[in-house]
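Below: the structure, in structure tokens.
The numbers here are math on the coordinates, done by the rules we state, and not lab data. Computed from a predicted model, the values in this text were never measured in an experiment. Cβ sites come from the backbone with ideal geometry, for glycine too, and all protein chains shown count toward neighbours.
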There are 2 protein chains.
Amino acid sequence: MQDLTERQETILALVVHEYIESAEPVGSKSLVQRFLLGVSSATVRNEMLALTEAGLLRQPHTSAGRVPTEEGYRYFVRRLLGDTDLPPDEKRLISHQFHQARPQVEEWMRLAASVLAQHSSALSLVSAPRPERAVFKHLELISTRPNQALLVLVLQGGDVRQQLLTLQEGMDQDHLSLLADQVTRVCVAQTAQGVRTQAGLSGGLSSVVMRLVAGLMVQADTLAAGEVFRDGLTNVLAQPEFAEPGSAQDALRLLQEQAFLEDVVSRALQPAIGGVQVVIGGEGAWSELRNWSMVLARYGAPGFATGAVGVVGPTRMPYGHSISCVRYVAGLMSELVTESLAG
Amino acid sequence: MQDLTERQETILALVVHEYIESAEPVGSKSLVQRFLLGVSSATVRNEMLALTEAGLLRQPHTSAGRVPTEEGYRYFVRRLLGDTDLPPDEKRLISHQFHQARPQVEEWMRLAASVLAQHSSALSLVSAPRPERAVFKHLELISTRPNQALLVLVLQGGDVRQQLLTLQEGMDQDHLSLLADQVTRVCVAQTAQGVRTQAGLSGGLSSVVMRLVAGLMVQADTLAAGEVFRDGLTNVLAQPEFAEPGSAQDALRLLQEQAFLEDVVSRALQPAIGGVQVVIGGEGAWSELRNWSMVLARYGAPGFATGAVGVVGPTRMPYGHSISCVRYVAGLMSELVTESLAG
DNA sequence: GTTAGCACTCTCTACGCGCGAGTGCTAACG
DNA sequence: CGTTAGCACTCGCGCGTAGAGAGTGCTAAC
């Protein structure tokens with residue numbers, strides 16, 4: 001694509017800006033008189049024509065104002081959106097909200113989702129911080145009934161998985177503890193693969209338990225997303241683009257699907273920590289998200305545990321603010337995760 | 001309220017039935033010709049007038065058909081809705097879907113929510129099975145960093161709570177295990193109150209740990225609902241009564257609120273297992289739910305762990321089907337919980 | 001008690017009209 | 001050659017009107 005002139009860029013930026021505010025097609029005349037440009041509406045019209053031919057703007061109807069296309073938003077975000085940052089008092093507010101949370105990961109996630117939804121007026125997603133690969137840390141077996149035990153598996157990073165276990169023969173708590181200790185000693189610091197190998201080397205009950213543990217670890221590995229917190233659903237439902245019933249339906253259905261979340265999270269995990277990724281209009285990958293955009297970022301301590309945060313809203317989204325919001329919250333979450341690792 | 005004649009009841013039932021199907025006010029004439037009643041439309045009109053004066057029907061406009069009032073729905077559900085049951089093949093389908101789940105509580109809950117949403121075309125809620133009072137079962141302390149530990153608290157019934165713990169002085173795993181064993185020995189089978197008392201009797205680090213444990217247990221006690229799974233959001237958004245944007249907003253916001261869920265779940269936990277509760281139009285308690293109904297049931301093993309399942313949809317809801325659906329799913333969940341207790 | 005008939009009410013849809021916003025084009029200007 | 005004023009044209013939107021259709025309440029007859 002050929003580069004735009006400076007004036008064309010200004011106009012594109014203004015159209016995007018205005019449309020994001022008003023949700024209505026913006027015309028040449030209103031633009032001129034609202035921003036006191038030094039040119040006439042006719043000139044603006046000519047430039048708009050050029051932008052329309054370049055595929056950055058479009059007209060909903062023959063004689064309506066202009067609306068940015070997806071391509072237009074992309075150009076805007078990539079080239080025209082300067083490095084924005086949250087105003088200091090908004091930062092203070094958010095950080096204040098965060099630091100009164102109880103020190104539990106779910107609490108942080110719930111809070112991050114709530115804060116993001118509130119400050120971005122969009123739908124927020126927060127996935128649990130997870131290690132790239134599950135690494136065995138500790139096993140505990142707790143007797144519940146004569147021939148039943150609760151298996152509690154702690155992974156490196158603090159992830160806890162549990163499963164009920166039916167035993168052929170009754171075992172008391174002492175025997176179970178002994179068994180758990182044996183398994184822990186052998187498996188500590190192993191990956192799923194390693195645990196499975198160990199299971200092959202030993203026999204009897206401990207082999208069975210190890211196989212179970214390996215299964216749980218494989219499960220943890222396959223789920224990139226794990227638990228996902230959402231918030232701010234009503235925010236997006238209030239947007240005028242979803243006024244007609246059914247218009248938001250496909251997208252909302254998609255947002256409930258675990259497979260989609262996996263997809264999004266793994267995508268968000270690509271870039272380095274600190275980088276924010278903007279996906280506009282489904283980007284070809286998800287047709288249901290034609291009118292939606294996502295702002296995603298990774299957080300956590302790389303190599304130990306990372307997760308994704310992001311907001312989802314209409315393409316007509318205040319990108320600057322959303323991006324700085326997501327970046328800031330990702331930063332806070334990273335701090336919390338790192339702190340909890342460092343002690 | 002005076003009793004209705006048999007014919008009036010028939011007409012009320014038909015109006016409810018028709019309106020649930022079509023979502024449009026039902027008139028006397030269409031009723032007669034559709035159901036081949038042995039009377040004329042004028043007669044039906046007279047009866048409808050009586051029902052309107054009794055507060056069971058109302059007219060949206062002076063010359064429109066009749067629509068059931070909340071009171072009308074209540075009468076219908078209480079007196080006219082015979083004991084319905086799911087057709088055998090639907091039962092088989094649901095039970096089949098259930099029995100291929102992995103044996104984990106979250107899995108069951110997710111599944112129950114999904115099944116209910118699918119079969120009732122409404123929004124479903126499933127709360128985790130929880131004991132009425134948290135009872136201490138087992139404590140484990142796992143070293144993560146030199147002066148940090150992960151506290152894993154197992155409650156009777158298999159509920160697991162965890163929290164990170166920062167230590168003043170470094171302790172290795174052996175010391176931590178010893179400490180955990182001490183605490184476990186003293187606190188086993190105690191309620192939150194009991195653990196707090198024990199904390200007062202002992203001193204040093206174990207007292208600190210016990211106080212923490214008591215805090216977690218109190219937390220568990222206060223949260224009647226705990227984790228709640230939802231599904232089928234798009235089902236209700238597709239309903240014609242929520243066509244205007246914003247009409248569903250209040251209710252959806254309410255459905256996200258933990259406080260509300262607590263309220264609903266504690267209400268659902270009132271009746272005996274097997275009983276299904278129908279809340280029509282918010283029942284005065286929740287004004288946001290004026291156009292909504294809920295069908296709730298309790299499940300689990302009383303005395304050990306119980307939770308709530310239910311569906312939420314427009315007042316214009318196929319009550320018969322929803323009720324049998326909820327009852328059946330609650331039954332299945334009860335079986336699963338009981339099985340997992342009995343081993 | 002039931003029914004046929006009738007006048008009435010009210011919603012919904014279509015249609016026509018004018019307004020206003022916005023456009024593209026053309027010709028004139030610096 | 002870029003810019004601008006002017007103008008004819010298009011289209012969506014709001015509004016009032018008219019007619020169809022559905023449904024009602026009332027009355028009088030069976």
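Starting from a label point 7 Å past Cα on the Cβ side, list the distances from A:K91 to the same position in the other copies, nm, shortest first.
6.4
Under the definition of partner shielding as Cβ atoms of other protein chains within 10 Å of a residue Cβ, what is the mean value for peptide B:140-149? List each step's numbers first, then the result.
On the way: counts 7, 1, 8, 2, 9, 4, 1, 1, 6, 1.
For peptide B:140-149, the averaged partner shielding equals 4.
Report, to two decimal places, the Cα Rg of the range A:237-343 normalised by 2.2 N^0.38 Å (N = number of residues). Walk me through the numbers before you get to the answer.
Numbers: Rg = 14.9 Å, N = 107, 2.2 N^0.38 = 13.0 Å.
Normalised Cα radius of gyration, the range A:237-343: 1.15.
log₁₀ I(q)/I(0) of the range B:136-222 at q = 0.15, 0.19, 0.21, 0.22 Å⁻¹, via Debye over equal Cα point scatterers, no solvent, to two decimals?
Taken in order of the listed q values, log10 I(q)/I(0) reads -0.48, -0.78, -0.95, -1.04.
In whole Å, largest first, what are the principal axis extents of the Cα atoms in the range B:6-80?
Largest to smallest, the principal-axis extents are 27, 27, 24 Å.
Counting each DSSP H run of 4 or more residues in chain A as -39500 (n - 2.57), what helix-only mean residue ellipticity at 222 nm follows after dividing by all residues, to the nearest 500 deg cm²/dmol?
Values: 13 runs with 164 residues, N = 343.
Estimated from H runs of four or more residues: -15000 deg cm²/dmol.
On the principal axes of its Cα set, how long, how wide and how thick is chain A? Give whole Å, largest value first.
Rounded to whole Å, the extents work out to 88, 38, 36 Å.
DSSP H helices in chain A with Cα extent of 27 Å or more along the helix axis and mean Kyte-Doolittle hydropathy at least 1.0?
Details: long enough: A:204-222 (28 Å, 1.11); A:319-342 (34 Å, 0.60).
Helices meeting the span and hydropathy rule in chain A are A:204-222.
Which order do B:F242, A:F136 fall in if you start with the one that has the fewest other Cβ atoms within 10 Å? Write down the numbers at each step before the final one.
Working: B:F242 20, A:F136 26.
Ordered from fewest to most neighbouring Cβ atoms within 10 Å, B:F242, A:F136 come out as B:F242, A:F136.
Quick one: if you stick a label point 7 Å off each Cα along the C-beta vector at A:E24 and B:E24, how many nm between them?
Each label point lies 7 Å from its Cα, and together they span 3.4 nm.
Mind checking which lysines have their C-alpha under 27 Å from B:K137, skipping anything on the same chain fewer than 8 residues away?
Straight-distance partners of B:K137: A:K137.
Could you tell me the distance between the Cα centroids of the range B:92-122 and the range B:287-315, to the nearest Å?
Taking the Cα centre of the range B:287-315 as reference, the centre of the range B:92-122 is 16 Å away.
Based on the Cα coordinates of the protein assembly as shown, what is the per residue volume of their convex hull in Å³?
Working: hull volume 136.0 nm³, N = 686.
For the protein assembly as shown, the hull spanned by Cα atoms encloses 198 Å³ per residue.
Excluding B:A23 itself, calculate the net charge of residues whose Cβ lies under 9 Å from the Cβ of B:A23, where each Lys or Arg counts +1 and each Asp or Glu counts -1.
Within the 9 Å Cβ shell, the charges total -2.
Give the value in nm², to one decimal: projected area of the alpha carbon convex hull of the range A:237-299, averaged over all directions.
On the way: hull surface 18.4 nm².
So the Cα hull casts an average projection of 4.6 nm².
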